[in-house]
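Reviewing the structure listed below.
The values are calculated or read from the model by the stated rules, or taken from the named source; none is laboratory data. Being a predicted model, the structure only gives us computed values, none of them experimental. Because the Cβ atoms are built from the backbone with ideal geometry, glycine has one as well, and the counts that use them run over all protein chains shown. Side chains are part of the model used for accessible areas, which takes the heavy atoms of the whole protein and leaves out ligands, DNA and RNA. Shrake-Rupley method; radii C 1.70, N 1.55, O 1.52, S 1.80 Å.
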Amino acid sequence: MDKKVSAPHLWEIIVALLLLVVVLSIAIGVLNVDTYGPFILVIAFTSVMAMRMGLGWKEIQQAILSSLQSVLQALLILIMVGMVISTWIQGGIVPSLIYYGLRMIHPNIFLVTIFLVCSICAVATGSSWTIIGTLGIAAIGISQGIGIPVYITAGIVVSAAYFGDKLSPLSDTPNLHCAIVGVNLFENFKNVLRNTLPSYFIALILCVVVGLCYQTENGGSLSEIQLMTETLAENFVISPWLILPVLSVFAVILLKIPAKSGILFMAFIGAFCGIFVQGETIAEVMKTAYSGFVGNTEVEMVNSLLSRGGILSMMPTVLLIFCAVSYGGVLEVSGILQFFLERMMRFVKKDETLITLTVISCVVVNLFAMDNYVTAVICGNMFQDAYVERGLSPLNLTRCLAESASVVSPLIPWNTCGIVVFGMLGISPLQYGPYAFLCWLAPIMVILLSHWKIGLVYLEK
């Protein structure tokens with residue numbers, strides 16, 4: 001006779017979700033440790049709660065294995081992305097993008113150019129924190145020299161960096177979102193790009209308006225930018241032709257090439273440039289693809305900017321996805337998410353209401369969970385089935401995660417992103433927040449566009 005499984009009580013739902021938030025908040029904010037161990041602890045406690053409801057360990061284990069199986073292809077893509085990052089740096093593609101981007105900077109249109117440059121470089125490197133910790137620091141020094149308040153520059157750098165982070169195939173953030181929700185990586189980029197362009201152009205106009213208030217004839221000190229460009233030119237073959245491989249990203253999207261094949265093609269292009277343009281050996285390229293590129297210049301800022309990538313660099317994110325998806329499997333089989341979602345869905349009568357509820361939930365969870373990855377895990381698992389039931393493509397959910405769970409996090413002083421930015425730039429999110437235009441424009445635009453029936457993607461019947 002099968003054991004009867006009881007529905008979760010309200011207190012069990014509250015305990016399960018609070019347990020995740022409290023344990024990970026203490027791990028991140030107080031103990032300053034990696035989230036994997038605490039995450040496993042949360043999974044164990046939640047599994048015990050599920051067994052108290054009447055579920056057996058075999059059922060829980062099967063739910064975890066089924067969840068992991070659903071993201072194996074996404075994890076394979078993530079590992080290959082690590083190869084693309086390292087080979088594109090070694091091949092001079094990323095250095096060329098950064099070099100020509102830095103050459104665009106001009107003091108009299110400083111805020112606009114730094115916004116554009118940081119956006120381009122963030123897409124090229126796939127790391128918002130790397131851009132903030134390198135180009136951001138350089139931009140702060142320049143703004144001091146030309147008389148622009150540093151908190152304005154910091155806000156513009158942060159918003160541009162997070163724009164690039166959510167739209168780069170080299171970033172772990174969109175890979176995590178796609179793995180949780182189960183959508184194609186390049187289809188996700190196409191959808192997010194189409195819907196984020198309005199907020200990007202509004203932010204660009206705001207940069208122009210603010211920049212006009214601080215126009216100066218003083219050229220200021222561009223020595224740090226000049227040092228970086230000279231260092232890049234000394235250590236890499238820099239050429240406009242090396243920017244052309246970036247078009248392969250758009251070709252993969254437009255031609256609808258399968259994600260794994262497209263990413264392998266991008267990695268091959270990087271390896272080709274490394275061997276035939278930069279003069280690296282095949283053995284060096286293979287080693288870099290596995291362990292990542294390590295900058296070896298005399299300028300530490302350049303080394304910090306370029307030392308990344310490789311298969312090994314993706315292992316922490318792979319482990320995080322394993323933990324997140326396993327936790328989602330336990331929540332699903334226990335009925336905790338379903339119970340919670342059913343009560344929330346009573347207020348959802350329209351598609352745009354679901355979008356609004358998702359965005360608000362992401363912002364609220366970000367306030368308590370202290371980490372945008374944790375927010376993506378909770379909200380992604382919570383709303384995934386609700387979108388399908390309403391005939392909405394999961395691409396709408398990944399867009400909400402990108403435009404709220406991801407970009408809002410640096411505006412929160414106690415969130416890991418806000419803490420890291422403060423540590424690197426020495427400027428509080430409360431100061432730079434109003435000028436991080438894209439970070440607060442993005443969630444507003446998602447809600448407005450959904451109410452105007454713009455950008456919603458529906459499932460085929």
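Computed about the Cα centre, the dipole magnitude for region 285-440 is approximately 160 debye when only Lys and Arg (+1) and Asp and Glu (-1) carry charge, each at its Cβ. Protein heavy-atom surface of region 34-129, 1.4 angstrom probe: 68% of the accessible area is carbon and sulfur, with nucleic acids and ligands not counted.
Where in the chain are the helices, taken as whole DSSP H runs, whose Cα atoms extend 27 angstrom or more along the long axis and whose Kyte-Doolittle mean reaches at least 0.0? Please report the intermediate quantities before stating the final value.
Details: long enough: 72-90 (28 Å, 1.97); 185-212 (38 Å, 1.22); 315-334 (29 Å, 1.61).
Counting only whole DSSP H runs, the qualifying helices are 72-90, 185-212, 315-334.
Label positions at Ser239 and Ile282, each projected 7 Å from the Cα along the C-beta direction, are separated by 2.2 nm.
Each helix, a run of at least 4 DSSP H residues, gives -39500 (n - 2.57); summed and divided by the residues of the chain, these come to -22000 deg cm²/dmol at 222 nm. Short-range pairs are left out: with C-alpha atoms under 8 Å and at least six residues apart, the relative contact order of the chain is 25 percent. For the set Arg390, Arg399, Arg194, solvent exposure ranked by accessible area (probe 1.4 Å, protein chains only) runs largest to smallest as Arg194, Arg390, Arg399.
Measuring only protein heavy atoms, the 1.4 Å probe finds Ser25 accessible over about 20 Å².
Note on the chain: lysine pairs with Cα distance below 17 Å, sequence gap of 8 or more or different chains, count 7. Accessible-area rank, largest first, for Tyr36, Tyr458, Tyr200: Tyr458, Tyr36, Tyr200, with all protein chains present and a 1.4 angstrom probe. Sorting Phe347, Phe236 on solvent-accessible area from highest to lowest, probe radius 1.4 Å, gives Phe347, Phe236.
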